[in-house]
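K.L.:
Before I ask anything, let me first share the structure, which is written out below as C-alpha cells.
What follows is calculated from the coordinates using simple rules that are stated; it is not laboratory data. Here the structure is a predicted model, which means the values were calculated and not measured. Cβ atoms come from the backbone with ideal geometry, glycine included; neighbour counts cover every protein chain shown.
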Amino acid sequence: TGYSRPVALRISVVGTGYLGAVHAACMADLGHTVVAIDVDPAKVEALAAGRAPIFEPGLDELLERALATGRLTFTSDYAAAAGADVHFICVGTPQRRGENAADTSYVFAAAESLAPHLGASTLVVGKSTVPVGTAARVLERLRRGAPAGDGVRLAWNPEFLREGFAIEDTVAPDRFVYGVDGDTADADVALLDQVYAAPLATGTPRLVTDFATAELVKVSANAFLATKISFINAMAEVCEAAGADVVALAEAIGHDDRIGHKFLGAGLGFGGGCLPKDIRAFMARAGELGADQALTFLREVDAINLRRRSRMVDLARAECGGTLIGKKVAVLGAAFKPNSDDIRDSPALDVARAAHLAGATVTVHDPKALPVARRVHPDMSYADTIEAACEGADVVLHLTEWKDYRDIDPAALKAVVSSPHIIDGRNALDPARWRGAGWTYRALGRPHPV
Ligand code: NAD
C-alpha cells in the first residue's frame with residue numbers, strides 16, 4: 001500500500017477530556033508508548049488509576065488494558081513530554097462567555113507549556129477544533145518558545161469522533177485529514193502515517209491539505225451535520241402547523257440516497273460540547289475574515305435548534321392544562337445524547353431548567369449523567385431510577401434517547417405517575433405501545449390524535 005511498517009512511537013497527548021483520554025488510550029492500544037498530560041490533577045489521578053472521569057462505552061476496559069502494558073501513563077508534568085516523537089494537542093476550545101467565538105486560549109497555553117520540552121525536529125499535532133488560522137499562529141508560538149526554534153514542526157489533524165462511539169471512531173475513522181505546512185510536510189505526513197499505520201492498513205482514506213483547509217474541514221463537517229438536523233426540525237415545525245407527520249416525511253425523503261436517512265431524526269435537536277459552539281465559532285470567524293454573509297444561514301440553523309426546546313416546554317405546559325406552576329414534571333434524560341454522560345449544552349437539561357423556572361417541580365433521571373448533572377446543576381432534583389423520577393408526575397418528558405427508555409413498560413409506569421401524559425422529544429418511543437397502555441402520547445413534529 002506504500003504505507004510504512006508499523007513502528008512503535010513515543011507519543012504525548014496534551015488534554016485528557018472526551019477527546020484526549022480516548023486518543024491516549026487508543027494510541028497506547030495501537031502499540032505506541034503514550035504519556036498523557038492534563039492540568040486537572042483530579043482527572044490525571046482518576047485516569048492513572050484506570051477510572052475514566054467520563055462515561056464512554058469501552059473506555060474503562062481500554063484504559064485497564066493499556067495501563068497494564070505499562071505503555072500508558074498520566075501526569076500533570078509537562079516535562080514528561082520531553083523525548084516524544086509526536087505531541088498531540090487535545091485541549092478544549094469552548095465558546096467564549098457572552099460571545100460566539102471560540103476560546104483558543106487553552107490551545108495556546110498548551111503550546112506554550114509544551115514548547116520548552118520540544119527537542120530538535122519534533123512534530124506537534126493539533127487535534128482540537130479551532131478557528132481557521134489558529135494553526136499558523138500556534139506554530140509561531142511553538143517556535144518562539146522552543147529551544148529547537150524553527151526545528152519544531154506542526155500538523156493539524158482534526159478529530160471527527162462521536163461521543164458514544166469514540167473508541168471505534170478513533171481507531172477506525174471515516175477518514176484522516178492531515179493539514180501540513182512547509183519544507184517538512186512530506187516527513188510530517190510520513191510520521192503521522194506511522195502513528196496511524198494500523199487503521200491506514202485497513203484502507204482508511206487519508207487526505208493531505210494545508211493548515212487552513214484542515215481546520216475548515218472539521219467545522220464545515222459540523223456545520224453540515226447541524227444544518228441537516230435543523231432542516232428536518234424546520235420541517236417538523238411546518239408539520240406541526242399543517243397537521244402532518246415529520247417522522248413519515250423523513251423516512252420518505254431519506255429513501256433518496258442523495259438525502260439519506262442519517263441525521264434526519266426530528267426531535268429536540270443537537271447539543272453537546274461540539275455542534276452548537278462549533279457553528280457559532282465558525283460564524284464568528286467567517287465574520288472576522290469578511291465572509292460573514294456566507295454563513296448567515298447558520299444563525300437560522302442555531303435558532304431552529306433552540307426553538308425546539310421552547311416548543312417542548314410549550315407542549316409540556318399544554319399537557320399540564322396550561323400552566324406548569326405547581327406541576328410535577330419527570331424528565332427522562334440529562335446527557336445531550338445517549339451513551340454519553342456529557343451534559344454540555346444539553347437540550348434535555350435546558351428543557352428541564354426551563355420547566356423548573358416556569359414553576360414546575362422537575363425530577364431528572366439519566367442512566368449515566370446524574371453525577372455530573374448533580375454537580376453542575378445542584379438546584380435541580382434528580383432520581384436514580386425511572387420510577388422514582390416519574391412518581392406522581394403530571395407529565396413525563398422523554399428528552400434523551402437512551403435504550404433504557406425504549407425498554408420502559410408503559411403499563412407499569414402508568415401505575416407510578418399521577419396522570420399518564422408522555423411527550424417524546426426524540427421520536428424514539430413507539431406511540432402505539434404507549435397509547436395502547438392508556439397514555440396520552442405526544443411528540444415533536446407529529447399529529448396529536450384527540
Ligand atoms: P474537554 O473539556 O472534555 O477536555 C479538555 C481537557 O483539556 C480538559 O481535561 C482540560 O483539563 C484540559 N486542558 C485544558 N487546558 C490545558 C492545558 N493548558 N494543558 C493540559 N491540559 C489542558 O474537551 P473535549 O470534548 O475533549 O474537546 C477537546 C477538543 O476536541 C475541542 O476542541 C473539541 O471541539 C474537539 N473535539 C471534541 C469531540 C468530542 O466529541 N468531545 C470530537 C471532536 C473534536
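K.L.:
For the stretch 228-443, give the share of DSSP beta bridges that are antiparallel, in percent and rounded to the nearest 5; count only bridges with both residues there.
P.N.:
Rounded to the nearest five, the antiparallel share is 0 percent.
K.L.:
So, one more: Can you give the log10 of the normalised intensity I(q)/I(0) at q = 0.06, 0.07, 0.10 Å⁻¹, computed with Debye over equal Cα scatterers of the chain?
P.N.:
-0.29, -0.39, -0.77
K.L.:
Taking every DSSP beta bridge with both residues inside the stretch 10-209, roughly what % is antiparallel (nearest 5)?
P.N.:
Percentage antiparallel, nearest 5: 5.
K.L.:
Let me ask something additional. Between Arg137 and Asp77, what length in nm is gained on full extension when 0.36 nm per residue of separation is reduced by their alpha carbon distance? Can you show the working numbers first?
P.N.:
On the way: separation 60, 0.36 × 60 = 21.60 nm, distance 2.42 nm.
Difference between extended and current length: 19.2 nm.
K.L.:
Kirkwood hydrodynamic radius for the stretch 10-209: how many Å is it when counted over pairs of different Cα atoms?
P.N.:
Across the stretch 10-209, the inverse of the average 1/r is 16.8 Å.
K.L.:
If the cut-off is a Cα-Cα distance under 20 Å, which lysines reach Lys127, setting aside same-chain residues fewer than 8 apart in sequence?
P.N.:
The qualifying lysines are Lys43, Lys218, Lys277.
K.L.:
So for the pair Leu357, Arg433, with labels modelled 7 Å out along Cα→Cβ, what separation do we get in nm?
P.N.:
3.4 nm
K.L.:
How many angstrom lie between the C-alpha centres of the stretch 43-73 and the stretch 197-213?
P.N.:
The distance from the Cα centre of the stretch 43-73 to that of the stretch 197-213 comes to 27 Å.
K.L.:
Among Lys327, Lys403, what is the fewest-to-most ranking by other Cβ atoms within 10 Å?
P.N.:
Lys403, Lys327
K.L.:
So what are the ³J(HN,Hα) numbers for the stretch 244-256, from phi and the Karplus equation (6.51, -1.76, 1.60; θ = phi - 60°), rounded to whole Hz, Gly and Pro as x?
P.N.:
9, 10, 5, 5, 5, 4, 4, 5, 5, 6, x, 5, 6
K.L.:
Hey, another quick one. Relative to the Cα centre, what is the charge dipole magnitude of the stretch 228-443, using +1 at the beta carbon of each Lys and Arg, -1 at the beta carbon of each Asp and Glu, and rounding to the nearest 20 debye?
P.N.:
Details: 27 positive and 29 negative charges, 50 e Å.
It works out to roughly 240 debye.
K.L.:
Which order results if Ile37, Ile253 are arranged by neighbouring Cβ count within 10 Å, fewest first?
P.N.:
The order, fewest Cβ neighbours first, is Ile253, Ile37.
K.L.:
While we're here: Going highest first, how would you order 112-120, 98-106, 335-343, 257-265 by mean Cβ packing within 10 Å?
P.N.:
335-343, 112-120, 98-106, 257-265
K.L.:
Write down the percent of antiparallel bridges among all DSSP beta bridges whose residues are both part of the chain, to the nearest 5.
P.N.:
Values: 2 of 45 bridges.
Among the beta bridges of the chain, antiparallel pairing accounts for roughly 5 percent.
K.L.:
What is the gain in length, in nm to one decimal, between Arg175 and Asp257 on full extension, counting 0.36 nm per residue of separation less the C-alpha to C-alpha distance?
P.N.:
Working: separation 82, 0.36 × 82 = 29.52 nm, distance 2.07 nm.
Gain in length upon complete extension: 27.4 nm.
K.L.:
In debye to the nearest 20, how big a dipole does the chain give about its Cα centre with +1 on each Lys and Arg Cβ and -1 on each Asp and Glu Cβ? Display every interim value, and only then the final one.
P.N.:
Values: 46 positive and 56 negative charges, 124 e Å.
That gives the chain a dipole magnitude of about 600 debye.
K.L.:
Let me ask you something else. Å³ per residue of the Cα convex hull, for the stretch 331-450?
P.N.:
Each residue corresponds to 98 Å³ of Cα convex hull volume.
K.L.:
I'd like the FRET efficiency for Ala190 and His448, computed as 1/(1 + (r/R0)^6) with the beta carbon distance as r and R0 of 60 Å, rounded to 0.05.
P.N.:
Efficiency computed from Cβ-Cβ geometry: 0.50.
K.L.:
If you take the beta carbon distance between Asp314 and Ala291 as r and set R0 to 41 Å, what does 1/(1 + (r/R0)^6) give as a FRET efficiency, to the nearest 0.05?
P.N.:
0.70
K.L.:
Work out the FRET efficiency for Arg307 and Val376 from their Cβ-Cβ distance, taking R0 = 25 Å, and round it to the nearest 0.05.
P.N.:
0.55
K.L.:
Shifting gears a bit: Using 0.36 nm per residue of separation minus the Cα-Cα distance, give me the extension gain between Ser220 and Ala148 in nm, one decimal.
P.N.:
Result for the pair: 22.5 nm of gain on full extension.
K.L.:
Then there is this: Taking the number of other C-beta atoms within 10 Å as the exposure measure, put Thr400, Thr69, Thr184, Thr129 in order starting with the fewest.
P.N.:
Thr69, Thr184, Thr129, Thr400
K.L.:
At 222 nm, what value in deg cm²/dmol follows for the chain if DSSP H runs of at least 4 each add -39500 (n - 2.57) and the sum is divided by all its residues, to the nearest 500?
P.N.:
Values: 18 runs with 192 residues, N = 450.
-13000 deg cm²/dmol, from helical runs alone.
K.L.:
Which lysines, if any, have their Cα less than 18 Å from the Cα of Lys328, not counting same-chain residues under 8 positions apart?
P.N.:
Within the straight-line cut-off, Lys328 pairs with Lys414.
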